[in-house]
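Everything on this sheet refers to the single structure shown next.
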Amino acid sequence: MKNSIYSLTKDQLTDWLLERGQKKFRAEQVWNWLYVKRVQSFEEMNNVNKECLQLLSDHFVMQTLRETVKQESADGTIKFLFQLEDGNLIETVLMRFHYGLSVCVTTQVGCNIGCSFCASGLLKKSRDLNAGEIVGQIMKVQEHLDAAGKQERVSHIVVMGIGEPFDNYSNLMDFLHVVNDQKGLSIGARHITVSTSGLAKKIREFADEQTQVNLAVSLHAPNDELRSNIMIINKAFPIEKLMDSVDYYLEKTNRRITFEYILLRDVNDHVEEAKQLADLLDNKRHLSYVNLIPYNPVDEHGQYQRSTPEAIDAFFQTLKKRGINCGVRTEQGTDIDAACGQLRSKQIKKEKVTN
């Protein structure tokens, strides 16, 4: 099975071609065809010599994703279900905001983090995505936009789809180098956010990369007992260890971190938890932002419900009074399978019933 050409960073593509006797400028040409002109086949690269094109087609394919389902929301959100070459399914979401078009990408087939409220973890991880499969999601969404003929482009990326990005670190970093390249897709590092459930060692490693990419931490609880109950990962990386890595990141980068906090009715949404969260973040208020997320109920996790509007507001107001920067996330795609992993889970169930 051939790898996708999208798996290669520009440096990797350059080295690969040089090793096979091609000139350095060929890599620039190929890169431009891939990410600026966004051709669908190697044959369309009409200023690249035949020998180079033959090399590329002998060793690579362009796209390894096939669209199987596309759900469009009234608010413009589009959720794509893509099939990989091995038959596995992944989700990708296009969201429209006032500041541009943002795509949420998946990094793994399934997830092993095991958050008890999350649809993504209903199916355990079977493998990591390679860099080409992650880049391929952006290219498929951009292909959809190009076909619409409105001259729209993907301007922002959130790595918050199915899987734990830092559990697929090297492929994640290659993906970031590809989409950020200024002579390609040119998606600014500050327009990209990577979300982690709290792999403390990887947060430190990411800090050392010195990229301008934003970091978000899925916190969801302000104390170890509660967090361990809803997020198994907390047993490996308890809050003290997690916050030590966050402090290292802040000291190293001086960049703001977003803390994601899903509000679960009568679980983690009391004023008491808001006060504990304010205490936890008090010494890093100047570089912290709390993103309060109303929960999207999932059939398989019936024990959890969305917090009431009153509870959400009380939580928000408590944080604000303590000087914590925060906001309630604007919801996207509520009339389609909104929760991450829902569409994939439903499709797999449907196929099992059909077969």
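What about Asn291, is it at pLDDT below 95, surrounded by fewer than 20 Cβ atoms within 10 Å (Cβ to Cβ) and within 19 Å of Ser197 (Cα to Cα)? So Asn291 fails the test.
Within the bounds of segment 153-163, is there any residue that is in a helix (DSSP H, G or I) and open to solvent by less than 40 Å² (accessible area, probe 1.4 Å)? No, segment 153-163 contains no residue that is in a helix (DSSP H, G or I) and open to solvent by less than 40 Å² (accessible area, probe 1.4 Å). Pairs are defined by a Cβ separation below 6 Å, a sequence spacing of at least 6 or placement on different chains, a first member in segment 94-108 that is free of Cβ contacts under 8 Å to residues at least 60 places away in the same chain, and a second member that is surrounded by 20 or more Cβ atoms within 10 Å (Cβ to Cβ) and charged (D, E, K, R); the pairs so defined are Thr106/Glu91.
Per-residue answers, yes or no, for (1) open to solvent by 20 Å² or more (accessible area, probe 1.4 Å); (2) within 20 Å of Ile293 (Cα to Cα); (3) in contact with a helix residue (DSSP H, G or I) (Cβ under 7 Å, 6 or more places away or on another chain); (4) touching a residue at least 60 places away in the same chain (Cβ under 8 Å):
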site	(1), (2), (3), (4)
Phe166	no, no, yes, no
Asp174	yes, no, yes, yes
Thr193	yes, yes, no, yes
Ala200	no, no, yes, no
Lys235	yes, no, yes, no
Leu242	no, no, yes, no
Lys252	yes, no, yes, no
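Scanning segment 265-291 for residues that are among the hydrophobic types (A, V, I, L, M, F, W, C), out of contact with any strand residue (DSSP E or B) (no Cβ under 8 Å at 6 or more places or on another chain) and not in a helix (DSSP H, G or I) gives a single hit, Val267. For segment 112-160, the set of residues classified as free of Cβ contacts under 8 Å to residues at least 60 places away in the same chain and of a type in the set (Ser, Thr, Tyr) consists of Ser126, Ser155, listed by residue number. Considered as a group, the residues in segment 177-191 that are open to solvent by 10 Å² or more (accessible area, probe 1.4 Å) and aliphatic (A, V, I, L, M) include one that is farthest from Asn32 (Cα to Cα), and that residue is Ala189.
Being under 30 Å from Leu122 (Cβ atoms), touching a Gly at 6+ places or on another chain (Cβ under 6 Å) and surrounded by 19 or more Cβ atoms within 10 Å (Cβ to Cβ) is the requirement here; does Leu65 meet it? Here the answer is yes, as Leu65 does meet what is asked. Total residues in segment 209-244 satisfying the condition of being closer than 20 Å to Glu272 by Cα and among the basic types (Lys, Arg): the figure is 1.
Does any residue of segment 145-167 turn out to be touching a Ser or Thr at 6+ places or on another chain (Cβ under 8 Å) and among the hydroxyl-bearing types (Ser, Thr, Tyr)? Yes, segment 145-167 contains at least one residue that is touching a Ser or Thr at 6+ places or on another chain (Cβ under 8 Å) and among the hydroxyl-bearing types (Ser, Thr, Tyr). In segment 294-320, the residue that is farthest from the chain's Cα centre (by Cα) out of those that are surrounded by 17 or more Cβ atoms within 10 Å (Cβ to Cβ) and among the polar types (S, T, N, Q) is Thr318.
The values are calculated or read from the model by the stated rules, or taken from the named source; none is laboratory data. All values derive from a computational prediction rather than experimental measurement. Here the Cβ is made from the backbone with ideal geometry for all residues, glycine too, and neighbour counts use every protein chain on show. Accessible surface areas use protein heavy atoms only, side chains included; no ligands, DNA or RNA. Shrake-Rupley method; radii C 1.70, N 1.55, O 1.52, S 1.80 Å.
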